[in-house]
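Asks: One structure is given below, represented as structure tokens, and several questions about it will come after.
The values are calculated or read from the model by the stated rules, or taken from the named source; none is laboratory data. Predicted model only: the values in this text are computed from it and were never measured. Glycine also receives a Cβ, built like all others from the backbone with ideal geometry; neighbour counts cover every protein chain displayed. These accessible areas exclude ligands, DNA and RNA; they are computed on the full protein's heavy atoms, side chains included. Shrake-Rupley method; radii C 1.70, N 1.55, O 1.52, S 1.80 Å.
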Amino acid sequence: TAAAAATQHTYTALSYSDGSATLSFTVDPETDRWTWADDPDFPLDDTTVTELCQLAANLKPQQTLTPDGTMESYQLDESQVFLSLTDASGAVTTLTFGKPTTDGTSYYALKNGDESTVYIYDGAVVEKLSVPIYSMMELPVLPALTGKTLVSITFDGEVPTVLTAQRSDGGGEEEATWRSGGANVTDSPAAQGLLRELETLTLDRCVDYKPTAEAVSLCGFDTPAAQVEAVYRTEGGAEQAFTLTVGAQSLGGSGRYIRIGGDDTVYEAAADSLTNLLAIAAGGLEG
């Protein structure tokens with residue numbers, strides 16, 4: 001098609017499997033960007049897909065064998081590990097990978113199912129086939145929540161706590177005096193710790209992009225450990241609200257399940273980056 005001919009990509013579609021999970025990607029002809037075929041709206045960081053395409057485009061066999069036995073000896077008889085690529089002309093190339101070679105750095109493979117020739121390819125391609133879809137998610141950029149941009153921080157929970165910033169210049173670049181319930185809490189270690197946590201908050205990974213109700217419950221969002229709304233000023237001076245909901249500890253124990261705004265997606269953040277936030281949510285500033 002004309003759209004395919006105009007693409008900047010060597011390939012326009014790609015599928016791969018590590019033997020347990022299959023992922024498929026296509027180039028959107030309107031944007032000329034890679035999308036996840038199962039959910040084109042998924043915020044895909046296409047680095048892995050692009051690297052696979054580059055590896056495939058430059059792939060040359062290290063060795064070519066005429067097999068003297070069955071495919072079973074190369075573990076190619078029932079292999080589910082494959083990479084399939086469609087180029088701009090619509091031609092499909094499929095590489096099926098068997099067992100690694102003796103040194104473990106290369107793999108036996110078939111091209112387009114032709115059993116008359118067995119190829120040996122560098123293992124870099126096979127390594128890429130095990131990258132899960134959530135590892136390819138472009139994580140959302142969090143707003144700049146700093147001592148200079150924050151207006152208020154509200155905890156919604158058993159112990160409602162509100163911290164309000166006071167600035168003599170009416171909301172410019174001056175560091176704030178923080179008040180809660182009328183008291184000046186600026187020098188409170190918990191308040192200072194909370195401000196540091198909000199400023200440096202990062203999402204480590206996506207846990208579940210479109211979670212079921214059961215998954216939401218398992219992640220602890222039926223009774224969240226903390227619900228926080230931070231009102232801040234943008235660079236243009238407009239006030240915006242950022243909401244953060246903290247669920248249960250992650251299965252590994254070193255993280256916490258997180259949701260941001262009204263987004264259903266479940267992320268994970270390091271538990272030790274939320275210590276003060278969770279303490280205030282549980283017991284107020286004196287907790």
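Asks: Roughly how much of M137 is accessible, in Å² to the nearest 10, using a 1.4 Å probe?
Replies: Around 20 Å² of this residue is reachable by solvent.
Asks: When the Kirkwood hydrodynamic radius is evaluated over all pairs of different C-alpha atoms of region 160-287, what value in angstrom, to one decimal, is obtained?
Replies: It is 15.7 Å.
Asks: If you take every residue apart from E51 with its C-beta less than 14 Å away from the C-beta of E51, what net charge results, scoring Lys and Arg +1 and Asp and Glu -1?
Replies: Once positives and negatives cancel, what remains is -3.
Asks: Quick check for you: with a 1.4 Å probe and neighbouring chains kept, what is the accessible area per residue of region 141-263, in Å²?
Replies: It amounts to 53 Å² per residue over region 141-263.
Asks: Continuing with the same structure: Under the Kirkwood approximation applied to all pairs of distinct alpha-carbon atoms, what is the hydrodynamic radius of the chain in Å?
Replies: Computed over the chain, the radius equals 22.6 Å.
Asks: Something else now. Using a 1.4 angstrom probe on heavy atoms only, work out the carbon and sulfur share of the accessible area of the chain in %.
Replies: Exposed carbon and sulfur together represent 47 percent of the surface.
Asks: Show me the GluC sites (Glu not before Pro) within region 24-101 that DSSP assigns to loop and that have at most 16 other Cβ atoms within 10 Å of their Cβ.
Replies: Answer in residue order: E30, E78.
Asks: Based solely on its DSSP helices, what 222 nm [θ] is calculated for the chain when runs of n ≥ 4 H residues each add -39,500 (n - 2.57) and the sum is averaged over all residues, nearest 500 deg cm²/dmol?
Replies: -4500 deg cm²/dmol
Asks: For K99, give me every one of the lysines with a C-alpha distance below 19 angstrom, ignoring sequence neighbours fewer than eight places off in its own chain.
Replies: Partners found: K60, K111, K128.
Asks: According to a simple spin-label model (label point 7 Å from Cα along Cα-to-Cβ), what is the distance in nm between T275 and T101?
Replies: It is 5.1 nm.
Asks: For region 270-284, take each phi angle, set θ = phi - 60°, evaluate the Karplus expression 6.51 cos²θ - 1.76 cosθ + 1.60, and give the result in whole Hz per residue in order, putting x for glycine and proline.
Replies: Those phi angles translate into 5, 4, 6, 8, 10, 4, 5, 4, 5, 5, 5, 4, 7, x, x Hz.
Asks: What FRET efficiency do you get for T66 and S130 if R0 is 35 Å and r is their Cβ-Cβ distance, rounded to the nearest 0.05?
Replies: Rounded to the nearest 0.05, the efficiency is 0.70.
Asks: What does the charge dipole of the chain about its Cα centre add up to, to the nearest 20 debye, if the Cβ of each Lys and Arg holds +1 and the Cβ of each Asp and Glu holds -1?
Replies: Roughly 320 debye for the chain.
Asks: Further question on the same structure: Give me the net charge for the shell around T66: Cβ to Cβ below 13 angstrom, other residues only, Lys and Arg +1, Asp and Glu -1.
Replies: It works out to a net charge of -3.
Asks: I258: net charge of surrounding residues, Cβ under 14 Å, Lys/Arg +1, Asp/Glu -1, itself excluded? It would help to have the intermediate numbers written out before the result.
Replies: Details: positive: R205, R256, R259; negative: E197, D204, D208, D263, D264, E268, D272.
So the surrounding residues net to -4.
Asks: Along Cα→Cβ, 7 Å out, is where each label goes; now give me the distance between the ones at R167 and A241 in nm to one decimal.
Replies: 2.0 nm
Asks: May I ask you to give the solvent-accessible area per residue for region 24-80, in square angstrom, as obtained with a 1.4 angstrom probe? The partial results should precede the final answer.
Replies: On the way: 3570 Å² over 57 residues.
Averaged over the residues of region 24-80, the accessible area is 63 Å².
Asks: Let me ask you something else. Quick one: among A269, A56, A213, which has the greatest mean-square fluctuation in a GNM of the chain with alpha-carbon springs under 10 angstrom?
Replies: Comparing A269, A56, A213 in the GNM, the peak value goes to A213.
Asks: Give the Cα extents of region 41-148 along the principal axes, in whole Å, largest first.
Replies: 72, 36, 24
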